Amino acid sequence: MASDTMSALSTSTDLRVSGPTRISAETGSLLVRPVVLAALFSAAAIYEAGKLFALTTPEIWLHLRTGLWILAHRAIPHTGLFSQYSNLPWTDVTWGFDVLLAATYHLFGLRSVPILLMAMKVALAVATFLLARVECGNFWKAIALSAVAQFVISSVQPLPYVFSIVFLAAELWLLLRSRQTGKTKSLFWLPVLFGLWANVHVQFVSGLLLLILFMISLLLEAGLRKTRMGWLSERIQPLDLRQVGTVSLLSVLASFVNPYTFRIWSVFKSLYSSVGFEHFTEMTSMSFRRPQQFALMLLVMIAFLSLGRRRRLELFELLALLAGTLIAFRIERDGWMVVLPAIAVLSEGFRLLPGENAYTRGEKLGWDLPLTAALTVIAVGVAAVFVPRPNVLMSRVGEYFPVKACDYIAANHLPQPIFNTYSWGSFLTWYMPQYPVAVDSRVELYGDETLSNYFDIVGGKELLESQPMVARARVLLLEKDSAISKALVNLPGLKAQYSLVYEDDISGVFVPRGNAP
């Protein structure tokens, strides 16, 4: 009896000690999660604060100049501002982004460019993490999926397409959640989403195409349910087709709520113009020469394997993954279109035991979200404080763009018009707007014919004097090591026509003979 009593007391003591100790250990484990999550959300932004990749993006300067023009004139542009083709119609489908950038510029000056990219990278990290948990997957595996997604699309630039990535992730999240719950109430956020999206980036059309795939899959699944053959996954709940159709119609109508109404749709084709496929490396197929491309291939393969192992049809997930794969492996620029459905599929592949999720296991405390947000804001805010002063940033800009050459042209009042390198055109619209550019990044403004003529000239396929854009130019601002610059310096016929009046490490300024300052 005595020994039994002592054993019972010992057990009771162990329970009293181990209970609070166990709870403390679990709480300590949960305290780590906000820290890890804040690190996931802020790591890419902090890296950008040190490297300042945003300042090397050619197109950002055109967006900045356009946004400043919109704020100054309180109007939306309809013609080719800052271009020698100012009489041509132009639809600024990114006007919302341009205004946001210009407003940020008024607050932070040149520092606004890297700060905006930092904010975009935080938004991208949050979006990929939430999508990785759409199926209530394990917290740590969702962290890994989000990290992989950020690595694959790590070369993001401070451009409007980042909003398309975030918005498409939000759309996927809403669609997949509705399939889990069988409720369509959350889908009525989609028209609001598309209303914003259509004022920021033209790739909202891709989001509408995804919505069409969703409708097709629902119709096919409704037909398969009538056969009662058990082909469909049991976790997919049927949805009210009328309500989903209403949401789809409202989403299309919401895309017309922009300054250009239905005309904005015509710009979408410029994203996939023939001149882009011929001359822009970002439009080529994946070459599999970078680690990110191999990681993308592995991610997609695992996602298809995960779908196959389920042994039941999930049509929407399959269609979204197939469509994303076809686009991403054909056009390197659009690799993110398969990353998002892949991590959404794998969030189900990493699911916990049936009926169990991260929250029922006590993996979440009520204060973890605000703590994560606070830690992220502090980390990114501190990093933003250490972004260099504008004069230092301008020196950084001068390493990639012809700042000194532009200063020379302005100081010597060289005459217009100017013929410029394509990749510098957008920068010139911001730094030297008094000189309308011959060409910049607006493919939708210039069209395939004008851009093809330009690339034929700089590629040596056409004689310089045979093209009006060169023949009428009074100043040629070119890359120092470009083929056309070397031809102007070395070929006797061209050397007799043009004088090199300025040269630095990256650029050269040529003028017709007799017009030198």
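Coordinate-derived values only; no laboratory data. Just so you know, these numbers come straight off a predicted model, no measurement behind them. Positions of Cβ are backbone-derived with ideal geometry, glycine not excepted, and every protein chain shown enters the neighbour counts.
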Task: Sites ARG311 and ALA144, calculated FRET efficiency, Cβ-Cβ separation with R0 25 Å, nearest 0.05 - done: 0.50
Task: Virtual spin-label span in nm between ALA373 and GLN434, 7 Å along Cα→Cβ - done: 4.8
Open item on the list: Taking the Kirkwood radius as the inverse of the mean 1/r across Cα pairs, report the Rg/Rh of the range 257-322.
Closed with: 1.15
Open item on the list: Using 27 Å as the Cα-Cα cut-off, could you pick out the over-long pairs in LYS183/LYS269; LYS121/LYS141; LYS269/LYS404; LYS121/LYS185?
Closed with: LYS183/LYS269; LYS269/LYS404; LYS121/LYS185
Task: Two-decimal ratio, the range 401-512, of alpha-carbon radius of gyration to 2.2 N^0.38 Å - done: 0.98
Open item on the list: Need the full-extension length gain, GLN180 to ASN412, defined as separation in residues times 0.36 nm minus the C-alpha distance. One decimal, nm.
Closed with: 76.8 nm
- [ ] Starting from the Cα of ASP448, step 7 Å along the direction of its Cβ; do the same at SER285; then give the gap between the two resulting points in nm.
- [x] 2.0
TODO: Specify, per residue and in Å³, the volume enclosed by the convex hull of the alpha carbon atoms belonging to the chain.
DONE: 189
- [ ] Scan around LEU232 for amide H atoms under 5 Å from its own, H built in the peptide plane at 1.01 Å from N, and keep only partners 5 or more places away or cross-chain.
- [x] LEU313
Task: Beta bridges per DSSP with both ends in the chain, % antiparallel, nearest 5 - done: 70
Task: FRET efficiency estimate (nearest 0.05) - Cβ-Cβ, ASP240 to PHE386, R0 41 angstrom - done: 0.20
Task: DSSP loop GluC sites (Glu not before Pro) with at most 16 other Cβ within 10 Å excluded, longest remaining stretch of the chain - done: 1-233
Open item on the list: Modelling each spin label as a point 7 Å along the Cα-to-Cβ direction, I'd like the PHE304/TYR400 distance in nm, to one decimal.
Closed with: 3.5
- [ ] Give the relative contact order (percent, whole number) for the range 401-512; include only Cα pairs under 8 Å separated by 6+ residues.
- [x] 28
Open item on the list: Could you work out [θ]222 nm for the chain from helices alone, using -39500 (n - 2.57) per DSSP H run of at least four and dividing by all its residues? Round to the nearest 500 deg cm²/dmol.
Closed with: -19500 deg cm²/dmol
